[in-house]
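The values are calculated or read from the model by the stated rules, or taken from the named source; none is laboratory data. Everything numeric here is computed off the predicted structure, so don't read it as measured data. All Cβ positions, even for glycine, are placed from backbone atoms using ideal geometry, and neighbour counts span all protein chains on display. Each accessible area value is taken on the protein alone, full model and side chains, heavy atoms only, with ligands, DNA and RNA left out. Shrake-Rupley method; radii C 1.70, N 1.55, O 1.52, S 1.80 Å.
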Amino acid sequence: MTIDTQQALFGFALRLGDTSLVLGHRLSEWCGHAPELEEDIALTNIALDLVGHARLWLSLAGEAEGQGRDEDRLAYRRDVFDYRNHLLVEQPNRDFGHTIVRQFLHDAWAVELYERLATSPDAGVAGIAAKALKEVRYHVQHSAEWVIRLGDGTAVSHAKTQEALDRLWPYTGEMFEADAASSALAAAGIAPALADLRATWAARVADTVAEATLTRPADGWMHKGGLRGEHSEHLGYLLAEMQFLPRAYPDAVW
Amino acid sequence: MYTQGLDSKADQGAQPSPRLVTDNDIRFQERIDAEEKIEPRDWMPDGYRRTLVRQIAQHAHSEIVGMLPEGNWITRAPSLRRKVALLAKVQDEGGHGLYLYSAAETLGVSRDELVEQLLAGKAKYSSIFNYPTLTWADIGAIGWLVDGAAIMNQVPLCRCSYGPYARAMIRVCREESFHQRQGYELMLALANGTAEQKRMAQDALNRWWWPSLMMFGPSDDQSAHSAQNMAWKIKRFSNDELRQRFVDATVPQAEFLGLTIPDPDLRLNAETGHYEFGAIDWSEFNEILKGNGPCNRERLEARRKAWDEGAWVREAATAHAAKRAQRHLKNVG
Ligand SMILES: [Fe+2]
Ligand SMILES: [Fe+2]
Ligand SMILES: [Fe+2]
């Protein structure tokens, strides 16, 4: 299927917006419940950044689409099958170990992506990426440090973190999966081919996992579906909670 | 206020015990009278130190427990702009907790000790956070009324005689006034919105009005040790004075919103220029202080759960830091 650049921008911005929003939502579930106060503040701060990125990407998506949908229309009035986030980020928090591993696997990808997007010839894309890059560099530093602390901490923390890594690893393949939108933008030179991010991502992950004394899982079978709207059961509950007010009071402006 | 538990007569811990007045006491009081700031290394009476530790700790606990009722709506905020604003606000409250615990630590207690007291149910925090947030309008009402009441009390604390506390309060107050405006703006959107939104706003005001007035603590004739705290310039205005200021500032704001304050006795006294208001139900307040508010158990349970479930994480961080230090020593040695 070939699509034009505007359609491709819409699809790509939606993918990044939804991924940021869903991950920000998951992190915000920690607010007030983190293992220590500093971490409560840090996770809330990262959630704030991610929802901020989601607003920028969704606004860009709305403009590219040209149907008059703004960030809130896109965030609050689409059902599961129209969401385009990676399955990784909708996985539940479970415990702090799962949260941190999920975050690290995503952050390491986001840094690679935003570094390349920051020099995109498309000014809208480059502007968002340049702003987000400063923040995701901090995010990956934060999550990598925690992976190392937990992996190379106590026997208990090591076991929990390895379990999280094993469980979440099969969700990492999707981050590098091309779809019609990302392929079209790559062909137009606006975005990198996502498969090209894999080598540097894998190297960063391998370094951190080794420093954390953890074992990198083998690349076997990978979960897929988020990019075509086939999600895990978790996303429906997340959206039900997130979208409750605009759905219950469709005429209201907040 | 956030430290209202200190004022209750039942609470004997900080009562100044009768003792001899020493030269140190006299010099200390002279410094206070001259509006000098007391710093951590300065000599201070035990009662002064004890009162401050309790007050700052209660204030810190209030900030932390206060993250829960508002955090309750982050995942359900109705627009991304509101979600970001609420995340930022709750993050600020966590930051306030952090500076306040640090200010308390300058008086020789550790944050862990203070947190343990909170989790053991031995420390108090503001009664206001034992009420539930039932609708989105509660987020507006908290910003407008609860942060508004906090500001009334905390602006004078910026001139508190104890330097580290006063300095922490300057930073906190700047952010609280931003929260207050943001909360009011949220209420305004609801009050100008659909009939259902307006109903939500009125309902929130109905539920938060009286608890907000109780935030200032017992009335002056019931308040146990205001006089000593006034002399030490830990407190500058009485509970009733601050409560009156809050009512005077807030009633016109409610009118502008087109909302009705749930007090049939409320009226402007043209002679004094102050609003007179109805009797506060102190039995409700006292029950909450005893642990019988609608959410007392949930709030402490949530804090304990976070602490207990986070134990393995804190232990890992400690163990890792120790391993690093060990490796560093080996490399150096
Ligand atoms: Fe605060
Ligand atoms: Fe405060
Ligand atoms: Fe506040």
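The set of residues in region A:232-254 that are in contact (Cβ under 8 Å) with a residue 24 or more places away in the chain and of a type in the set (D, E, K, R) contains only A:Arg247. The set of residues from region B:110-128 being under 23 Å from B:Arg314 (Cα atoms), part of a loop (DSSP other than H, G, I, E, B) and open to solvent by less than 30 Å² (accessible area, probe 1.4 Å) comprises just one member, B:Ala123. Of all residue pairs spaced 6 or more apart or on separate chains, those with beta-carbon atoms under 6 Å, a first member in region B:295-317 that is at the interface with chain A (Cβ under 8 Å from one of its Cβ atoms) and without any contact (Cβ under 8 Å) to a residue 12 or more places away in the chain and a second member that is aromatic (Phe, Trp, Tyr) and buried (at least 19 other Cβ atoms within 10 Å of the Cβ) are B:Val313/A:Phe96. Once region B:174-194 is narrowed to residues that are surrounded by fewer than 17 Cβ atoms within 10 Å (Cβ to Cβ) and of a type in the set (S, T, N, Q), the residue that is farthest from ligand 3 (Cβ to nearest atom) is B:Thr194. The residue that is surrounded by the fewest Cβ atoms within 10 Å (Cβ to Cβ), among those in region B:65-82 that are assigned to a helix (DSSP H, G or I) and more than 7 Å from chain A (Cβ to nearest Cβ), is B:Arg81. Taking each residue of region A:209-229 that is of a type in the set (Ser, Thr, Tyr) and looking for partners that are open to solvent by less than 50 Å² (accessible area, probe 1.4 Å) with beta-carbon atoms closer than 6 Å, six or more apart or interchain, yields A:Thr213/A:Gly151; A:Thr213/A:Asp152. Evaluated against (1) within 17 Å of B:Leu98 (Cβ to Cβ); (2) out of contact with any His (no Cβ under 9 Å at 6 or more places or on another chain), B:Arg41 falls short on exactly one condition, (1). Checking region A:122-130 against the condition returns no match, with no residue being within 14 Å of chain B (Cβ to nearest Cβ) and buried (at least 22 other Cβ atoms within 10 Å of the Cβ). Just one of (1) within 14 Å of chain A (Cβ to nearest Cβ); (2) part of a helix (DSSP H, G or I) fails for B:Phe178. It is (1).
If only residues of region B:162-173 that are of a type outside the set (A, V, I, L, M) and surrounded by fewer than 24 Cβ atoms within 10 Å (Cβ to Cβ) are counted, the one that is nearest to the chain's Cα centre (by Cα) is B:Cys173. Of the residues that make up region A:12-23, is at least one over 28 Å from B:Glu63 (Cβ atoms), surrounded by fewer than 24 Cβ atoms within 10 Å (Cβ to Cβ) and in contact with a helix residue (DSSP H, G or I) (Cβ under 9 Å, 6 or more places away or on another chain)? The answer is yes; a qualifying residue exists. Taking B:Gly148, is it under 12 Å from the mean Cα position of the chain (by Cα), in a helix (DSSP H, G or I) and in contact (Cβ under 8 Å) with a residue 60 or more places away in the chain? Yes: the conditions hold for B:Gly148. For the condition modelled with pLDDT of 95 or more and closer than 24 Å to B:Ala123 by Cβ, B:Trp312 does not qualify.
Across region A:26-41, which residue is nearest to B:Ala302 (Cα to Cα) among those that are more than 7 Å from chain B (Cβ to nearest Cβ) and open to solvent by 30 Å² or more (accessible area, probe 1.4 Å)? Looking at the filtered set, the residue picked out is A:Trp30. Residues of region B:88-108 that are open to solvent by less than 30 Å² (accessible area, probe 1.4 Å) and more than 16 Å from ligand 2 (Cβ to nearest atom): B:Leu107 alone.
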